[in-house]
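One structure is given below, encoded as C-alpha cells.
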Amino acid sequence: MKLAPAEIQALQDLTIVVFAPLVSGGIAHIEGRLQGRRGPRILQPYYDLVKFFAKETLVPEDASWVFLAGPVLAFSCYLIVPLLIPVLTNYPLPLGYIGDILAGGFILALAGFAVALAAVETGSPYAQLGSSRAMTFGALIEPSILFVTFTVALITTTDLPYFEAAAVRSSMSQIVRPAHILAVIAFFLVVLNDTGRIPVESHTSTIEFGMIDEARTLEHSGPAFALLRWGSAMKQLILYVILINVFIAPWGLAGSRSLGAVLIAIPIFITKAFGVGFLFAIIDNSFSKLRLFKITEYMAVAFLLAVLALLVLFLGGG
Amino acid sequence: MLASTHVPSVFTGSADAVALVVLLSEFAMLRAPLLRSQIRLYSFQSFAVTGLAVIVAATRNLNELFIIAGFSFVLKVVLVPGIIMRLLRDSRVDLVGSHRLGVASMVLLAIVISVFGIFVVGSLPIHSQSLPTPALGLAMAIILVSFLLVILRSDVVSQAVGFFSLENGVSVASLVVAAGLPLIVEVAFLFDLLVAVVVFGVLMRVHHNRTKTLSTSVLDRLRG
C-alpha cells in the first residue's frame with residue numbers, strides 16, 4: 001500500500017507530537033539511574049500532560065492576551081518544523097522545499113520569542129530573568145549555527161537538510177571529510193546547549209543559577225503550561241532529528257512510499273533518539289556545569305569548530 | 001563551488017582531519033588552566049603528529065618515515081612530556097593564573113590569526129605529493145597559534161609547551177612539503193628538541209628556585 005506524500009508528511013508531524021514526551025521521559029529515566037535514583041517512569045511526561053490539561057488556567061492580573069497566545073504560537077511553530085526535515089523518509093517530501101535549515105532555525109527562534117514574550121508579559125522577575133538569558137544565549141550560539149549552515153551549503157550547494165543527509169549516505173569519504181566531522185561536532189555542541197544540558201543550564205531543577213528555559217514557564221499553569229512542556233519536549237526531539245537524520249546517522253529512513261517502510265522508520269528513529277539522548281544524559285552527568293558567565297567559552301569552542309569546518313572547505317581539503 | 005564538486009578521498013580527508021586534531025589541541029592548550037593538562041595535551045598532539053607521519057608513510061611507501069615516526073613517538077609522546085611533568089611535580093605548582101586575556105577573546109583572536117595563516121598559505125602555489133595541500137595551511141595555523149600561546153600565557157610551562165608545539169607545527173609542515181627529506185636531517189630536527197627541553201628545564205628550575213612561582217609576571221618587575 002502506498003501512502004500519499006501528504007499522509008507521510010502528516011505522519012512526520014504525528015511522530016514528533018506523539019513520541020516527544022516518550023523520549024523526554026526515557027532520558028529522564030536513564031538520568032535518574034545514572035544518578036543512583038530509580039528515576040521517574042518512562043511514561044511520566046504523558047501523565048503530567050494529562051494532569052496539566054485537566055487543570056484550570058490562571059492568568060496574572062496584569063497579563064494580556066499575549067500571555068495565553070505565546071504557548072499556542074510556540075506549539076504551532078514546533079508543528080511546522082517537522083515538515084521541513086527528514087523525520088521518516090530519505091527523499092524530500094513536497095513541503096520539504098518550503099524552507100531550508102535556516103528557515104527551520106528561524107521558526108524555532110520564533111517559538112522561543114513567543115515563549116519569551118509570554119514570560120515577560122507576566123512581570124515576574126524569574127520569568128523575565130529566564131527569557132532575558134534565553135534570548136542572550138540564543139544570540140551567542142547563533143554564529144555557530146550559521147557557520148554550520150554555510151558548511152552544509154558548501155558541501156551540498158544547497159542548504160536543504162535532505163541533501164546533506166543524502167551526501168552523508170553517499171560514501172565513506174563524505175563522512176571522514178574534516179568539514180563534515182567538525183560541523184557535526186559543532187552542531188552537537190549547539191544541540192547540547194539548546195536542549196538545556198551543558199554548559200550552564202540545569203534543565204530540571206529550579207535553582208536560580210542554572211535556570212533558563214524552566215524559569216520562563218514559571219507563571220504558566222493548566223493547558224498553557226502543558227503546551228509549553230509538550231513544546232519543549234518537541235523542540236528537543238526536532239533538534240535530535242536534525243542531528244541524527246541529517247548529520248550523524250541518516251540511515252534507517254524509509255526509501256519508498258510504502259506503508260511498511262514508513263512505519264518501520266518510526267521505531268528505528270525513536271531508538272536512535274534514545275541512543276543520542278542516553279549519550280547526552282551521560283555527558284550532562286559527567287561534567288560539572290560552568291559558571292553562568294563562562295558560557296561564552298563554550299560558545300567560542302562551538303564557533304571555532306564551525307569556522308574551521310568552513311575554512312578547510314575553502315582550502316579545498318574539506 | 002569548488003568544494004561541492006571536489007570530494008576529498010578517504011586518505012586526504014583523514015590526513016586533513018588529523019592535521020585538524022593537531023590544530024584543535026593547540027587551541028585546547030591555549031585554554032587549559034591546569035599546567036598538567038597542558039602537558040598531556042602536548043603529548044596527545046605529538047601522538048597525532050606521529051599518527052600523521054604513519055599515515056603518510058603507509059600510503060606513500062616512505063619507509064624512512066616509519067623510523068621518524070618511531071623516534072617522534074618515543075621523544076615527543078613519552079620522553080619530553082615525562083621530563084616536563086617531573087619538573088612540574090618537583091615544583092609542586094599546578095595552577096598559575098596566567099591568562100592575559102579572557103578565554104573567549106583568546107579563542108576568537110586565535111581564530112582570526114589561524115584564518116590569516118590559512119589564507120596566506122592558501123594563496124601560495126605550493127603543492128605536495130605526499131600530503132594534501134590544506135594540511136600546509138593548517139600547519140601554518142598551528143605555528144601561529146602556538147606563538148599566541150607563548151605570548152598570551154605568562155607562565156614558564158606554557159611557554160615551554162608553546163615552543164615544543166611550535167615544533168609539532170613545523171613537523172606537520174615538513175611532512176607536507178618534504179616528506180622524503182633525508183633521514184639524518186629529520187633526526188637532527190628531533191634532537192634539536194632535546195636541547196630545547198634541557199634549556200627550558202634549566203629555566204624552569206632556576207626560575208622556580210628564585211621566585212617560588214612558575215609565573216613570569218614577576219619578571220616584569222626586574223627593571224634596571
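At q = 0.06, 0.11, 0.12 Å⁻¹, what is the log10 ratio I(q)/I(0) for the protein assembly as shown, with the Debye formula run over Cα points and no solvent? The computed values of log10 I(q)/I(0) come out as -0.35, -1.03, -1.16.
Pairs of Cα atoms in chain B fall into 5 Å distance bins, from 0 up to the last occupied one, in shares of 1, 7, 15, 18, 18, 15, 11, 7, 4, 2, 1, 0, 0 percent. When the Gaussian network model of chain A links Cα atoms closer than 10 Å, the mean-square fluctuations of A:ASP159, A:ASP100, A:ASP62 top out at A:ASP62.
May I ask which residue of B:SER91, B:PHE200, B:PHE27 lies farthest towards the positive end of the charge dipole of chain B, with charges of +1 (Lys, Arg) and -1 (Asp, Glu) on Cβ and the Cα centre as origin? So the residue furthest toward the plus end is B:SER91.
The average projected area of the range A:217-318, computed from the convex hull of its Cα atoms over all directions, is 10.8 nm².
Rounded to the nearest whole Hz, the Karplus-based 3J(HN,Hα) values (6.51 cos²θ - 1.76 cosθ + 1.60, θ = phi - 60°) of the range B:68-79 follow the sequence 4, 4, x, 4, 5, 5, 4, 6, 8, 8, 9, 5, with x at glycine and proline. Taking the convex hull of the alpha carbon positions in the range B:71-124 and averaging its projected area over all directions gives 6.3 nm².
Taking a ≥ b ≥ c as the square roots of the Cα gyration tensor eigenvalues, the range A:15-92 comes out oblate, since a/c reaches at least 1.5 and a/b does not exceed b/c. Across the range A:297-311, rounded Karplus estimates of 3J(HN,Hα) from the backbone phi angles (6.51 cos²θ - 1.76 cosθ + 1.60, θ = phi - 60°) give 4, 4, 4, 5, 5, 4, 5, 4, 5, 5, 5, 4, 4, 5, 5 Hz, Gly and Pro being marked x.
Can you compute the FRET efficiency between A:SER132 and A:THR157 using 1/(1 + (r/R0)^6), with r the Cβ-Cβ distance and R0 = 45 Å? Round to the nearest 0.05. Plugging the Cβ-Cβ distance into 1/(1 + (r/R0)^6) gives 0.70. Put simply, the C-alpha atoms of chain A give a gyration tensor, and the ellipsoid matching it has half-axes of 30, 24, 19 Å, longest first.
Rounded to two decimals, what is the ratio between the C-alpha radius of gyration of the range B:106-224 and 2.2 N^0.38 Å?
Details: Rg = 17.2 Å, N = 119, 2.2 N^0.38 = 13.5 Å.
The range B:106-224 yields a ratio of 1.27.
Estimated purely from DSSP H runs of n ≥ 4, each contributing -39500 (n - 2.57), the mean residue ellipticity at 222 nm for chain B is -25000 deg cm²/dmol once divided by its residues. Computed about the Cα centre, the dipole magnitude for chain A is approximately 940 debye when only Lys and Arg (+1) and Asp and Glu (-1) carry charge, each at its Cβ. Each principal axis of the Cα cloud of the range A:64-103 was evaluated for its coordinate range; sorted largest first, these ranges are 44, 18, 14 Å. Amide H to amide H, with H built 1.01 Å from N, B:ASP155 comes under 5 Å of B:THR216, counting only residues 5 or more places away or on other chains. Residues in the range B:188-196 carry Karplus couplings, in order, of 4, 4, 4, 6, 4, 4, 4, 4, 4 Hz; the curve used is 6.51 cos²θ - 1.76 cosθ + 1.60 with θ = phi - 60°, and Gly or Pro positions show x.
Near A:ALA254, the amide H atoms lying under 5 Å from its own belong to A:THR89, A:ASN90; only residues 5 or more places off or on other chains count, and H is placed 1.01 Å from N. Taking chain A as a Gaussian network, where each spring joins two C-alpha atoms under 10 Å apart, which residue of A:GLU121, A:GLU61, A:GLU214 fluctuates the most? It is A:GLU61. Just checking the listed ones, B:THR133, B:THR59, B:THR213: in the Gaussian network model of chain B with Cα springs under 10 Å, the one fluctuating most is B:THR59. The local environment of A:ASP48, defined by Cβ-Cβ distances under 13 Å, has a net charge of +4 under the rule Lys, Arg +1 and Asp, Glu -1. With the convex hull of its Cα atoms as the shape, the range A:56-201 has an orientation-averaged projected area of 10.5 nm².
Return the inverse of the average 1/r over all pairs of distinct C-alpha atoms in the range A:111-194, which is the Kirkwood hydrodynamic radius, in Å to one decimal. Please report the intermediate quantities before stating the final value.
Details: mean 1/r = 0.0678 Å⁻¹.
Roughly 14.7 Å, rounded to one decimal.
Around the amide H of A:LEU290, modelled in the peptide plane, lie the amide H atoms of A:VAL200, all under 5 Å away and 5 or more residues distant in sequence or on another chain.
A short reminder: the numbers here are calculations on the coordinates, not readings from a lab. No experiment lies behind these values; they were computed from the predicted model shown. Every residue, glycine among them, receives a Cβ derived from its backbone with ideal geometry; neighbour counts consider all protein chains shown.
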